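Take a look at the structure set out below.
The values are calculated or read from the model by the stated rules, or taken from the named source; none is laboratory data. Here the structure is a predicted model, which is why all the values come from computation and not from measurement. In this analysis, Cβ positions are derived from the backbone assuming ideal geometry, glycine residues included, and neighbour counts consider all displayed protein chains.
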Amino acid sequence: MLNVHLVPHTHDDVGWLKTVDQYFYGDRNDIQHAGVQYILDSVVDQLLKNPDRRFIYVETAFFYRWWKQQTDDMQNTVKQLVNEGRLEFVNGGWCMSDEATTHYSAVIDQMTMGLRFLNDTFGHCGRPRVAWHIDPFGHAREHASMFAQMGYDGFFFGRLDYQDRNRRMVAREQEMLWRASESLTPPMADLFTGILPNGYNPPEGFCWDQSCDDPPIRDDPDLEDYNALVYKTNHIIMTMGSDFQYENANLWYKNLDKLIRYVNQMQSNGSEVNVLYSTPSCYLQELHRANLTWPLKGDDFFPYADSAHDFWTGYFTSRPALKRYERISNSYLQTCKQLEVLGGPISRKGPFGAGDSETLKKAMAVAQHHDAVSGTEKQHVANDYARKLANGWAHCQVLVSNTLSSLSGSSAPRVYCEHLNISVCPLTETSKKFSVNVYNPLARPVSWPVRLPVNGTAYSISDAKGKAVDSQVGLLSFIVTLRDFLSSLFCVCLSRYNASDGNNSESIQMSGAYIFRPNTSTPFIISKTNSVVQEVRQWFSPWVSQVVRLYTDSRALELEWTVGPVPIGDDLGKEVISRLDSSINSSGVFYTDSNGREVLQRRKDYRPTWNLRQSEPIAGNYYPINSRAYIKDDKDQLTVVTDRSQGGGSIQDGSLEIMLHRRLLYDDVRGVGEPLNETSDIYPEGLVVRGRHLLSLSPPATAADTHRPLAQEVVLQPLITFTDGELHPSTRLEFSGLQAVLPPAVHLLTVSQWDQDTVLLRLEHQYQASESKEHSQPVTVNLQKLFSTLDMLGVSEMNLSANQWKDEMTRLDWKAESGTHHTGVTNQLCLLSPLGCVKTADLL
């Protein structure tokens with residue numbers, strides 16, 4: 001029999017064409033008809049009418065809202081449906097995160113938030129067994145590694161390069177074992193991965209939502225089974241649903257009931273098709289029962305193209321200001337969580353709007369959505385994401401002030417200067433005497449340049465011991481060395497591509513929020529320099545400038561770029577890049593990080609798993625850069641550390657280019673419905689964006705010892721606060737939350753209050769295997785001697801997402817193509833009915 005697993009589902013974007021609130025409540029249906037609360041109401045009602053029916057739900061951010069509005073009786077009803085396996089949670093994060101423009105620490109946080117709610121609410125039966133990324137535009141290896149370490153049995157997605165899909169269909173390799181880490185011993189980061197046959201939509205002609213126009217079932221249908229020919233088993237999965245569907249679930253279930261009944265009745269006449277309500281975990285269980293060997297994959301699924309001239313690589317850079325705000329918000333959240341632990345209950349005191357980290361946690365979790373930090377949402381939705389982050393900052397500022405006041409013994413008001421990136425801070429510009437408090441969230445010492453706008457030159461600076469600090473006055477600059485915790489020439493060119501307007505003989509595709517498609521393969525050079533001194537300020541045009549800085553004893557050269565407003569008077573959209581040309585013989589090879597963690601090798605015009613037919617020589621060679629990229633030869637390695645997620649590539653040997661800013665005049669026809677043409681009240685002529693790149697040139701053997709810590713310093717940067725006037729003599733000027741510095745290989749990833757007496761602690765070994773001769777070795781950490789203010793009474797190890805005890809985490813075992821059999825305990829689904837899955841039919 002061909003077993004057709006029908007999976008009723010809805011794909012509910014946590015913001016895209018409408019804001020999160022508008023989607024949940026069903027507001028602004030003039031933009032898009034969608035109301036998530038009604039979907040959940042309707043689905044639960046329909047599940048109760050037929051015990052065979054199933055439904056899966058993904059986005060915990062929406063479900064959490066709906067759950068809080070339900071009566072006790074309804075909550076108990078839903079718990080019963082979950083226990084019976086009829087309502088199954090998949091993925092289970094606060095959102096379905098983007099995989100190209102997210103940092104792994106923020107992804108772990110948003111997954112932890114969603115999975116904890118499901119754990120606390122439904123227990124073991126509410127724990128998702130399957131990761132489900134049906135909409136993100138390409139897939140990162142680090143995401144698969146994280147999912148494996150979170151205990152998932154499998155991972156399903158819908159989008160991959162059209163050439164890759166075609167090859168896999170012929171080779172019957174649409175399901176595979178993804179070996180998602182070069183450092184972790186298999187099967188720790190191995191993840192069974194499947195590609196859905198119809199993306200996340202139903203087969204053609206089988207959509208019965210109120211938003212569809214397919215006719216209802218009137219006669220016995222002939223279900224097409226051609227997809228079965230390109231899969232390895234006699235099981236096929238069909239996603240029955242799409243964007244914001246099932247608001248009227250009766251339409252779907254009434255027709256699905258008929259479909260199942262009519263098709264299965266035909267078995268008496270010799271039909272070999274068996275149709276059943278199912279879920280991804282039930283489907284995965286059948287694939288596991290088949291006991292086959294599966295092909296291995298070791299690279300990732302970037303870049304993604306859906307046809308020859310349509311590479312979805314523009315969103316790696318789209319909305320660079322929002323991408324930067326999200327990144328520094330992640331840094332601020334980690335600091336906020338640390339200080340909440342160090343400050344204890346006093347950190348959360350205060351009247352209405354008292355200090356808390358939860359508001360920023362939720363805002364950051366929503367920002368990881370694949371139409372949020374990706375930059376692929378409408379402008380009013382992007383504004384809403386930023387508003388939510390700003391609200392989270394305000395709550396954390398109260399918490400931070402409470403803790404710093406407690407630790408220092410000073411009740412002097414704390415001042416936050418949030419516009420230092422544009423050299424604005426009213427306190428430092430007007431006060432004759434002020435104090436600067438710098439908090440280091442890393443578990444090791446750092447040297448950090450502090451630049452403050454001041455009025456005049458009559459300033460002197462002293463450290464906590466009263467010792468004078470060297471500084472340069474004008475724009476006050478000095479270096480602070482912070483305690484823990486708590487020979488190749490190269491030139492820098494700023495250039496731009498003119499964006500395709502679709503008026504092209506090869507394709508009508510335009511550059512847009514998703515897609516990058518320049519109208520020429522040669523960029524227009526805006527500037528060029530190869531001079532490096534202590535500080536050089538370069539103004540290349542009214543809308544492009546750059547400051548080059550080299551600080552004393554610095555490990556890296558700083559490039560501070562400012563781009564905008566990008567001119568569009570010539571009716572051409574533009575995509576601005578920074579290109580680093582060097583004498584390094586890179587031979588078409590460069591390296592990029594995956595979500596800020598492990599590094600992957602890239603090769604121009606090449607894909608490791610199929611023979612690429614390259615049709616876009618620039619866009620087809622762009623990859624996501626979350627924190628760093630580099631080129632190297634036998635003698636030198638040139639590394640660029642970025643301050644946000646950006647797209648980039650190595651188009652010429654010895655060259656790295658990174659896209660900084662995009663301003664476009666056309667929509668790329670991928671659903672957002674408006675061009676990426678950002679303006680604001682402050683910048684009505686077009687958005688101005690400022691950022692930093694850190695450049696490091698060193699021998700390849702030791703380069704990781706420089707760029708790894710540099711990248712962490714940019715991701716988790718010191719928090720700077722101010723107090724006006726002189727400090728009270730009794731003020732405590734120095735504090736460390738650690739007893740000792742952590743070893744260089746160990747990163748303090750998470751310190752967060754879990755409940756009243758428990759702290760969630762994540763430590764990670766941050767070097768890949770063989771990356772560093774010195775630091776890739778195993779490290780021992782004494783947790784008992786880690787913190788200076790916390791009494792450690794016991795430690796219990798959990799999985800990565802903190803929703804299972806590590807010693808209780810079991811996953812399905814799979815056979816790899818090599819014949820290696822990874823032993824493990826076969827999981828039992830937690831369901832009251834027998835496995836919760838309708839019995840499938842074996843081969844006749």
Hey, among G725, G737, which residue is of a type outside the set (D, E, K, R) and crowded, with 22+ Cβ neighbours inside 10 Å?
-> G737
Residue by residue through region 332-387, note down the ones that are more than 14 Å from the chain's Cα centre (by Cα), of a type in the set (G, A, S) and more than 17 Å from D755 (Cα to Cα).
-> G350, G353, A354, A382, A386
Give the residue, chosen from I658, I651, I631, that is outside the structural domain of Q163 (by TED's automatic domain parsing), more than 24 Å from the chain's Cα centre (by Cα) and within 16 Å of V576 (Cα to Cα).
-> I651
Check whether at least one residue in region 727-746 is in contact with a helix residue (DSSP H, G or I) (Cβ under 6 Å, 6 or more places away or on another chain) and basic (K, R), and report yes or no.
-> yes
Selection within region 62-104 - surrounded by 24 or more Cβ atoms within 10 Å (Cβ to Cβ) and among the small types (G, A, S) | G92, G93, S97, A100
With respect to the numbered conditions (1) on the phi > 0 side of the Ramachandran plot; (2) outside the structural domain of S401 (by TED's automatic domain parsing), which one is the sole condition not fulfilled by G350?
-> (2)
The listed residue being in contact with a His (Cβ under 9 Å, 6 or more places away or on another chain), closer than 19 Å to S329 by Cα and either at pLDDT 95 or above or assigned by TED's automatic domain parsing to the domain that holds Q546 (or both), out of Y385, Y439 = Y385
Among T522, T562, which is assigned to a strand (DSSP E or B), of a type in the set (S, T, Y), modelled with pLDDT of 85 or more and within 34 Å of the chain's Cα centre (by Cα)?
-> T562
Pick from region 43-57, criterion more than 13 Å from K254 (Cα to Cα) and β-branched (V, I, T), ranking: surrounded by the fewest Cβ atoms within 10 Å (Cβ to Cβ) = V44
So which of L694, L786 ends up being closer than 29 Å to R141 by Cα, surrounded by 18 or more Cβ atoms within 10 Å (Cβ to Cβ) and outside the structural domain of E429 (by TED's automatic domain parsing)?
-> L694
Output the number of residues of region 583-624 satisfying the condition of being closer than 30 Å to I508 by Cβ, part of a loop (DSSP other than H, G, I, E, B) and at pLDDT 95 or above.
-> 12
In region 292-312, the residues that are more than 24 Å from the chain's Cα centre (by Cα) and either modelled with pLDDT under 95 or surrounded by 17 or more Cβ atoms within 10 Å (Cβ to Cβ) (or both) = W294, P295, H309
Pair list, Cβ < 7 Å and 6+ apart or interchain, from region 711-734 residues that are among the aromatic types (F, W, Y) to residues that are part of a loop (DSSP other than H, G, I, E, B) | F722/C417
Return yes when K254 is assigned to a loop (DSSP other than H, G, I, E, B), basic (K, R) and touching a helix residue (DSSP H, G or I) at 6+ places or on another chain (Cβ under 9 Å) and no when it is not.
-> no
Restricting attention to region 18-30, which residues are in a loop (DSSP other than H, G, I, E, B) and surrounded by fewer than 16 Cβ atoms within 10 Å (Cβ to Cβ)?
-> D27, N29, D30
Considering residues that are closer than 29 Å to A61 by Cα and in a helix (DSSP H, G or I), the number found within region 121-178 is 15
What single numbered condition from (1) among the polar types (S, T, N, Q); (2) over 24 Å from M113 (Cβ atoms); (3) modelled with pLDDT under 95 fails to hold for Q756?
-> (2)
Test: S796 is in a loop (DSSP other than H, G, I, E, B), at pLDDT 95 or above and farther than 30 Å from T233 by Cα | no
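Among the candidates I631, I618, single out the residue that is more than 20 Å from D98 (Cβ to Cβ) and touching a Leu at 6+ places or on another chain (Cβ under 8 Å).
None of the others qualify; the one that does is I631.
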Taking into account only those residues within region 741-772 that are in contact with a Ser or Thr (Cβ under 8 Å, 6 or more places away or on another chain) and in a loop (DSSP other than H, G, I, E, B), which is surrounded by the fewest Cβ atoms within 10 Å (Cβ to Cβ)?
-> S770
What single numbered condition from (1) farther than 25 Å from D190 by Cβ; (2) assigned to a loop (DSSP other than H, G, I, E, B); (3) modelled with pLDDT of 90 or more fails to hold for R811?
-> (1)
